[in-house]
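What follows is a short report on a single structure.
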Amino acid sequence: MQIYITGKFFDKENAKISVFDHGFLFGDGIFEGMRSYNGKVFRLREHMIRLWNSAKALMIDIPMTIEEMESATYETLKINNIQDGYIRLIVTRGIGTLGLDAHLCKEPQVVIIADHLALYPKEFYETGLDIVTASTVRTNPAMVSPQIKSLNYLNNILAKIEGHLAGCVEVLMLNTKGEVAECSGDNIFVVSNGKLHTPPTEAGILEGITRQTVIEIAGEMGIPVREVPMTRYDIFAADECFLTGSAAELIPVVKLDGRPIGNGKPGTMTMKLLDRFHEETRK
Ligand code: PXG
């Protein structure tokens, strides 16, 4: 495996970042997780825009243009001979001192890793996920905004650990108001009376690229979509529920906190949207 670090490729064993990098010392950096299908990166430009917006919010100067980052991404796929894969893009603030001073970090580092996919097992798509609500609350947007895909994922990791302890592979996170935000690494949707509902950005979520794609394709399919604040009740009372993410695509959820959702089986609208999503990835 060849890993791109700020303009050069290194073997996996030699792909290293300094322990003085603020990405390592403080989680001071940002990332993206992307999928390639048949050699083409899905929604690449959208991922770039989100990365650049995260960088702007954190005042990290990405040392290249969007076009250069896109070429470096394709170069990394090519050198590793990956057609259908997962790409992790990381930008750190770079080497500084042991102090917090960001202005001492002069050279942000760019890492691109292209790997084969580690997906949820196929049976989860057939039977649906059973998830629980974490007591770890999603970061309040007045703190580090959840819209920033930063290297500080501790809240989500703690939530995911809670899920794991309960025997679940994903976990629901609420915001500080007690409303539904999203899952630890996926956005959430419900289907109620033929309509699609998902929490709005203001609920404190990452604006998922898969989420946006689902909103678009639902529009094309004539399915009404509303971005509305939701509580757990809206999930308990829904007909269907599913999660979205670059790795997961769309995955059905059939149980939340022990309550079956709808008839306790993956929903028909969920599966229709998943089929349509697959078409989109093959375009
Ligand atoms: N919410 C959060 C908090 C995320 O981290 C998504 C939603 C989905 O966004 P996209 O743009 O992919 O539709 C993410 C995705 C993992 C993993 O292993 C997930 C993410 C990052 C790293 C790992 O599940 N982000």
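The values are calculated or read from the model by the stated rules, or taken from the named source; none is laboratory data. Keep in mind it's a predicted model, so treat the numbers as computed, not measured. With ideal geometry, Cβ positions are generated from the backbone for all residues, glycine too; neighbour counts draw on all protein chains shown. SASA here: full protein model, heavy atoms, side chains in, ligands and nucleic acids out. Shrake-Rupley method; radii C 1.70, N 1.55, O 1.52, S 1.80 Å.
What the table shows:
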{"read-out": "Straight-distance crosslink candidates among lysines, where the alpha carbon sits under 20 Å from residue 8 and sequence neighbours closer than 8 are dropped", "value": "16, 78, 106"}
{"read-out": "Inter-label distance for residue 126 and residue 83, nm, one decimal - labels placed 7 Å from Cα along Cα-to-Cβ", "value": "2.5"}
{"read-out": "Straight-distance crosslink candidates among lysines, where the alpha carbon sits under 25 Å from residue 272 and sequence neighbours closer than 8 are dropped", "value": "40, 122, 195, 255, 283"}
{"read-out": "Net length gained if the chain between residue 100 and residue 118 were fully extended (0.36 nm per residue, minus Cα distance)", "value": "3.0 nm"}
{"read-out": "Dipole-positive endmost among 59, 147, 29 within region 18-166 (Cβ charges, Cα centre)", "value": "147"}
{"read-out": "Straight-distance crosslink candidates among aspartates and glutamates, where the alpha carbon sits under 17 Å from residue 177 and sequence neighbours closer than 8 are dropped", "value": "202, 227, 234"}
{"read-out": "Dipole moment magnitude, nearest 20 debye, the chain about Cα centre, only Lys, Arg, Asp, Glu C-beta charged", "value": "80"}
{"read-out": "Rounded percent of accessible protein surface that carbon and sulfur make up, region 1-91, 1.4 Å probe", "value": "54"}
{"read-out": "Sites residue 176 and residue 61 - FRET efficiency at Förster radius 41 Å, r taken between beta-carbons, to 0.05", "value": "0.85"}
{"read-out": "Solvent-accessible surface (1.4 angstrom probe) belonging to residue 135, in square angstrom, nearest 10", "value": "100"}
{"read-out": "Accessible area in the full protein assembly, largest first, 1.4 Å probe, for 20, 277, 9, 42", "value": "20, 9, 42, 277"}
{"read-out": "Potential lengthening between residue 153 and residue 220 on full extension [0.36 nm per residue; Cα-Cα distance subtracted]", "value": "20.7 nm"}
{"read-out": "Sparse-neighbour loop sites [trypsin sites (Lys or Arg not before Pro); region 10-111; at most 13 other C-beta within 10 Å; DSSP]", "value": "16, 106"}
